[in-house]
1. Quick one: what pairs do we get from the stretch 7-36, first residue acidic (Asp, Glu) and in a loop (DSSP other than H, G, I, E, B), second surrounded by fewer than 24 Cβ atoms within 10 Å (Cβ to Cβ) and modelled with pLDDT of 95 or more, C-beta under 7 Å, 6+ apart or different chains?
2. Do we have any residue at all in the stretch 218-235 that's over 22 Å from residue 164 (Cβ atoms), modelled with pLDDT of 90 or more and of a type outside the set (Asp, Glu)?
3. Applying the selection to the stretch 229-264, what residues are crowded, with 16+ Cβ neighbours inside 10 Å, outside any helix (DSSP H, G or I) and among the basic types (Lys, Arg)?
4. Just one of (1) modelled with pLDDT under 95; (2) farther than 20 Å from residue 237 by Cβ; (3) not hydrophobic (A, V, I, L, M, F, W, C) trips up residue 162, so point out which.
5. Here are the criteria: (1) touching a residue at least 24 places away in the same chain (Cβ under 8 Å); (2) of a type outside the set (Gly, Ala, Ser); (3) more than 21 Å from residue 243 (Cα to Cα); (4) out of contact with any strand residue (DSSP E or B) (no Cβ under 9 Å at 6 or more places or on another chain). Tell me which single one residue 114 does not satisfy.
6. Among the numbered criteria (1) of a type outside the set (A, V, I, L, M, F, W, C); (2) within 21 Å of residue 204 (Cα to Cα); (3) outside any loop (DSSP other than H, G, I, E, B), which one does residue 105 miss?
7. When residue 43 is evaluated against the numbered criteria (1) under 22 Å from residue 128 (Cα atoms); (2) out of contact with any Cys (no Cβ under 6 Å at 6 or more places or on another chain); (3) at pLDDT 95 or above; (4) outside any loop (DSSP other than H, G, I, E, B), which criterion, by number, is the only one it fails?
8. Output the qualifying pairs, or none if there are none: Cβ atoms under 7 angstrom, residues six or more apart or on different chains, first residue in the stretch 155-179 and more than 19 Å from residue 28 (Cα to Cα) and touching a residue at least 40 places away in the same chain (Cβ under 8 Å), second residue crowded, with 19+ Cβ neighbours inside 10 Å and small (Gly, Ala, Ser).
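The values are calculated or read from the model by the stated rules, or taken from the named source; none is laboratory data. None of the values given here were measured: they were computed from a predicted structure. As a convention, Cβ positions derive from the backbone with ideal geometry for all residues, glycine included, and neighbour counts pool all protein chains shown.
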Amino acid sequence: MSGARPDVHGLFSIEGKSALVTGGSRGIGRMIASAYVQAGARVLISSRKLDDLERTAAELSSLGPGTCAAVEANLSTEDGCRFLADAVGASFEKLDILVNNAGATWGAPLAEHDEKSFERVIGLNVKGVFFLTKFLVPLLEAAGTAEDPSRVLNIGSIDGLHVPELETYSYSASKAAVHQLTRHLAKRLAPLVTVNAIAPGPFESKMMAATLAAFGDEIAAAAPLRRIGRPDDMAGAAIYLASRAGRYVTGAVIPVDGGIATLK
């Protein structure tokens, strides 16, 4: 009703929610998984390296009050996505939050971009997002209502919003595809599921390590906010979109980049 006082109690709470974060053992995935555990969610993380996963799950669980468990999975194939969806179903009766973060990058001069490397990036970054979401729709719809939808959060990139300086053709193309897939799925899965994307700028991660080591100072100096992204910057955006505060947002691509996407 117009003029009614909004109920802001628990607006950003995700306590007790169930979440899957792919690529959750490091980088942006770990930042998000850590935030969700600290906010009281029950979190599953996945990647292809079980040792890293189990170590990360134990470390994050110690942060509480939520929990973190690990599932080894390869999301570069349809069968791998189906396997992970089945594993999630064995752990949770319903899924409140899906974070599609697992991804790969590749950079090389145009003449050296071959089919195998191009397919590897597209396969994980685009097809992996699509098939995992598809297989998890029943669990997401079981959790969602029109009043409080379940959430899908895709990790895109500002390289999918503007032309990057580096020759990462397959990566930038894949992230632009993730942004469009986000909008398409948002229309299809409403009203029980919202689908949004975060387009990160530079954050400290294994994927960005070489770039930041070589150009980190220049990148920070060129950003309108004059710094590299921090874990709590990513945590804030991911909690907002997963909580009641973000329940009326769908089909959005939100840059979390210190303003870099405004420059080109």
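1. 15/39; 15/40
2. Looking only at the stretch 218-235, we keep the residues that are over 22 Å from residue 164 (Cβ atoms), and these are 231-232, 235.
This time we only want the ones that are modelled with pLDDT of 90 or more, so: 231-232, 235.
With the extra rule that they be of a type outside the set (Asp, Glu), the set shrinks to 231, 235.
Scanning the stretch 218-235, I find at least one residue that is over 22 Å from residue 164 (Cβ atoms), modelled with pLDDT of 90 or more and of a type outside the set (Asp, Glu), so the answer is yes.
3. Result: 247, single match.
4. (2)
5. Failed condition: (1).
6. The single condition residue 105 does not satisfy is (3).
7. Condition not satisfied by residue 43: (2).
8. 162/261
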